[in-house]
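The values are calculated or read from the model by the stated rules, or taken from the named source; none is laboratory data. These numbers were taken from a predicted model, which means no experiment stands behind them. Here Cβ is always computed from backbone atoms with ideal geometry, including for glycine, and neighbour counts include all displayed protein chains. The accessibility values were calculated without ligands, DNA or RNA, using every heavy atom of the protein model including side chains. Shrake-Rupley method; radii C 1.70, N 1.55, O 1.52, S 1.80 Å.
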Amino acid sequence: RTRPAPSNTRAGGTNISSDLLGHDVIRLYSLVETAMMNMPAPKNDNAELRPTEVATMRDMANQTWESIREWLMAHPNMADRQAAAMHQGQFLTTALHMVCKLMDPPVDVVQSLIDCAVETVMWPDSNGWLPLHHACANGASGKVLSVLVQAYPEGKVHQDKRLRTPLHFAFFRKDAPVDQTSGVVNPDGHSNENMNRGGDDMDNDNEDVGNSMPDIVALLADSGAAELQDEGGMLPMHYACAYGTTREVLQVLLENYPESTTKRENKGRNALHLAMVNAHRKSSPKVVGFLLEKNAAEIINSYDNEHHLPIHLLAMASRNVQDRENAINCLKLYLKAKPKATADFLTAIQTLPEWLRDIAVISDHIQDILNHKIVMRFPTTIMMMDFIVNILVIIMFEFASKDTIDYLFDQAEDSIPQEMKSTPAPKGYSIVTLVCGLYFLLREMFQIISLLLLGTIGSWVFDPLNWLDVLLICLIFFNGTIMLMNDPPISLAAFRIGAAITKAIMWLAVIFFLKSARVEFSVFVSGVYNVIQKLATYMVALIIILIMFAQMFYIMYVGEEECVCSMEHEEHEDVTKFPHCTPERSLMKVITMLMGEIGDEMRYSKHPWAQLLYLMFAFLVVILLSNVLIAIVTDAYGVIRNERAAMVFWSNRLDFVAEMDAIKNVGKIIMTCFRSSEGAAGAPTRVQETPNGEPIPIDDSERKDVSRFRDGWDSLWNLFGPNLYETYDANPSSFEFWCYVLVRIVVLFVIPFWFILGAATAGLLWPPQVREYILKQKKVAINRADIADQVTEQMNDLQSELKKLRAEMKSEMKCDRKEFSVVKADVVAVQAEVMADLLQVKEIMVLLLNMSKERLDPVG
């Protein structure tokens, strides 16, 4: 913009008139610049000023305003004022720019500077900021902004060098932030108390709505500023959602630009992405609730340029969050809107921090998704195959390892004649074992490939169970290869150890499989793990005490008769050795004593100090520490059983379903390469109604499963319905009756055969009803943690209602006092009028009395 300049001003703003070159010309600018330089500043961008520093800033600002007023009074000449107002200092700022940067500039000062040189309100500084930009960024009052807008209306759409308008700056004002509220944010996104942002400290009696944030935004957004993007493609709506604000402000922005909620910035993120990545802010639940309420369908399932859903950004931003309540509320609102159950969505749930994932898996939407997906043919088949292969590999490995051990034992014994030694182990068991290992390997490879395609391979790397599967696969292939050899290059002892470790891991795999299949096993495994974690301190203390008693018993008996006799007869195996003659034996004995194996308690009778030591051990270790162990185990297991049972199970089910979805996604990608797609990309061609009536998209591969198998199973069971004969009006004397009896008899054989056939095909031919009966879990019942949360929420609601009631009572009392004052004033006025009337009556009576006296006494 070409700025107007007076004839006595050099380009760039330097004054050259000889009569105005004095100190007074730059004095005005220096007053504000000095105040700005002396203002206290926080140590870093995230730190807040202390109350004493804020008070100091306010005092310095007030002194500056008085100094400016004094300067203006001392310079009534308009030319002097214009020259001073147009003087530019560092970064091409004028006094008006600097005033707008200070705390709470008064309206009269701003108006006076505009009157001195109105063109300065149009001048951008070196960053492209108008005085209006500075005023918006630093929390100027609504009246000051109105004055600046009236002086230069086009300033509302003026963009700085980074294409930001004053409306963008309004959302990182340095005044009282919107997050400061005593109200409780409910999960629906509404606040229990209304909150306004303004540059002034407003009490309850302030009725100047011009300082409220909605009014300021409405002032700045009515000329198209709500549609302007900055250099990053961010709208004012994006700023509002990222920095946090009230629902009223968002409504104003939405009314000025209805497409702002779906508009994307340069990274492909919409308003919901930005709100979720800032979910730790206190106002974020209100923002998320507003966005989902207005336009959930178009924004909840949208991806950014990095293929991230909004919940991905919540997961990444919440890893180091201290205040978790706001992020939890944002997650609840997001899940309540029912996002699409894609593989990316389930993977994003997996990547949530544990404290957020626990909240997610007990939500109705997630449980509906998991129950729906687990009963599909593919996940059911994989789950059944996992179980069958796990059991099969254990059985085959048992037979193969036994035959191999027998063969290696015979080869190691030289006393056995060669013709009597056993032949190499049969290869069939070993081959089946290797085939089972190949199945596990393929499953793991498909999982890794699918996660690589989704870009979430980190979830596989940091999962210990995946590395347990890799170890099992390696051991199966290693031992299977050994067992296939006619002359295994391994000793019998080494093979025994390897086989024992392999069997242990195989059975662990079975336990972890059951953990993901049934809630009871999930609670048990997680309970054991939690107990082990809680026992760390106890075990250290117990080991120290056991070593202490073992050494004390050893010191008591070393060199005594019992140990001497034991050492003399050490070569005789049938002689019982005294348990405390060596440190190793003494330690093993106190451990067995802890388990209850006391043995001959009379062995301590010859030594009174040993008896005392034994009694101390019995009381401290056997009685006291054993009961402490029971208490720790009971408490730790009870936490899992009573408070985290549902979270643990549904987390395990989420891992399995997400894995199946990821593998299935790879299959879809491969199939897409060989066939043309139907309809829009990613759009489901059919939906299935869940029991509660809510549709969940299903794949084309599930069509036959949903229709033919389900209808067939229902038709079979309908033959045993109580209303069958009423429907067809059949009776024992009719031919139709005996036909139905014959069909029922046939169905009694068909149903078990169908069930067995489905089991033989790993659930592939089971009807959906059977899979739902076996695998579908009921939604979680309320537990103690949920009850505590509900009680806390109710208490917060009650406190909020009490605050509202107190405020209403104060308001009513204030109105009553005003009414009472008015009534009192009316009474006083009436009383004064009555007294005046009485005085007039008295005067009239006196006058009449005097007149009557004059008539009676005409002489006088």
Report summary line: Within region 366-411, the residues that are within 16 Å of Pro339 (Cα to Cα) and touching a Pro at 6+ places or on another chain (Cβ under 8 Å) are Lys373
Query raised in the report: Between a first residue in region 222-240 that is under 19 Å from Glu255 (Cβ atoms) and a second residue that is at pLDDT below 90 and open to solvent by 50 Å² or more (accessible area, probe 1.4 Å), which pairs have beta carbons less than 8 Å apart while being 6 or more apart in sequence or on different chains?
Result: Tyr239/Phe172
Query raised in the report: Out of all the residues in region 124-147, is one or more at pLDDT 90 or above, buried (at least 22 other Cβ atoms within 10 Å of the Cβ), of a type in the set (Ser, Thr, Tyr) and closer than 20 Å to Ile26 by Cα?
Result: no
Query raised in the report: Do we have any residue at all in region 470-478 that's touching a Phe, Trp or Tyr at 6+ places or on another chain (Cβ under 8 Å), more than 27 Å from Gly638 (Cα to Cα) and not β-branched (Val, Ile, Thr)?
Result: yes
Query raised in the report: Do you know which of the residues in region 310-350 that are assigned to a helix (DSSP H, G or I) and open to solvent by 30 Å² or more (accessible area, probe 1.4 Å) is farthest from Phe290 (Cα to Cα)?
Result: Gln350
Report summary line: Of the residues in region 434-447 that are modelled with pLDDT of 85 or more and under 31 Å from the mean Cα position of the chain (by Cα), the one that is farthest from Asp655 (Cα to Cα) is Met445
Query - When residues of region 292-303 are limited to those that are open to solvent by less than 60 Å² (accessible area, probe 1.4 Å) and in a helix (DSSP H, G or I), the one farthest from Ser459 (Cα to Cα) - result: Asn295
Query - Unique match (being charged (D, E, K, R), part of a helix (DSSP H, G or I) and surrounded by fewer than 22 Cβ atoms within 10 Å (Cβ to Cβ)) among Glu231, Glu259, Glu306, Glu265 - result: Glu259
Query raised in the report: Name the pairs whose Cβ atoms lie under 7 Å apart, with the first residue in region 335-359 and on the phi < 0 side of the Ramachandran plot, the second part of a loop (DSSP other than H, G, I, E, B) and open to solvent by 10 Å² or more (accessible area, probe 1.4 Å), and 6 or more positions between them or separate chains?
Result: Leu335/Ser363; Pro339/Asn301; Lys340/Asn301; Thr347/Thr456; Thr351/Thr456; Pro353/Arg319; Trp355/Arg324
Query raised in the report: What about Pro76, is it surrounded by fewer than 19 Cβ atoms within 10 Å (Cβ to Cβ) and assigned to a loop (DSSP other than H, G, I, E, B)?
Result: yes
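The rows are residues; the columns are (1) at pLDDT below 75; (2) open to solvent by 30 Å² or more (accessible area, probe 1.4 Å); (3) within 42 Å of the chain's Cα centre (by Cα); (4) within 30 Å of Tyr243 (Cα to Cα).
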position	(1), (2), (3), (4)
Ile26	no, yes, no, no
Pro40	yes, yes, yes, yes
Asp80	no, yes, no, no
Ala84	no, no, no, no
Val99	no, no, no, yes
Met103	no, yes, yes, yes
Leu113	no, no, no, no
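Filter region 108-131 down to the residues that are under 13 Å from Thr94 (Cβ atoms) and touching a His at 6+ places or on another chain (Cβ under 9 Å) and list them by number.
Result: Thr120, Met122, Trp123, Pro124, Asp125, Trp129, Leu130, Pro131.
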Report task. Please work out if Tyr773 is modelled with pLDDT of 80 or more and open to solvent by 100 Å² or more (accessible area, probe 1.4 Å). Result -> yes
**Report entry** Qualifying residue in region 422-433 (condition: modelled with pLDDT of 75 or more, within 38 Å of the chain's Cα centre (by Cα) and among the hydroxyl-bearing types (Ser, Thr, Tyr))
**Finding:** no
Query - Members of region 390-409 that are acidic (Asp, Glu) and under 20 Å from Phe440 (Cα atoms) - result: Glu398
Requested in this report: Provide a single number: the residues in region 349-385 that are within 24 Å of Val277 (Cβ to Cβ) and hydroxyl-bearing (Ser, Thr, Tyr).
Outcome: 2
Report task. Tell me, yes or no, whether region 749-770 has at least one residue that is among the aromatic types (Phe, Trp, Tyr), modelled with pLDDT of 80 or more, surrounded by 15 or more Cβ atoms within 10 Å (Cβ to Cβ) and under 44 Å from the mean Cα position of the chain (by Cα). Result -> yes
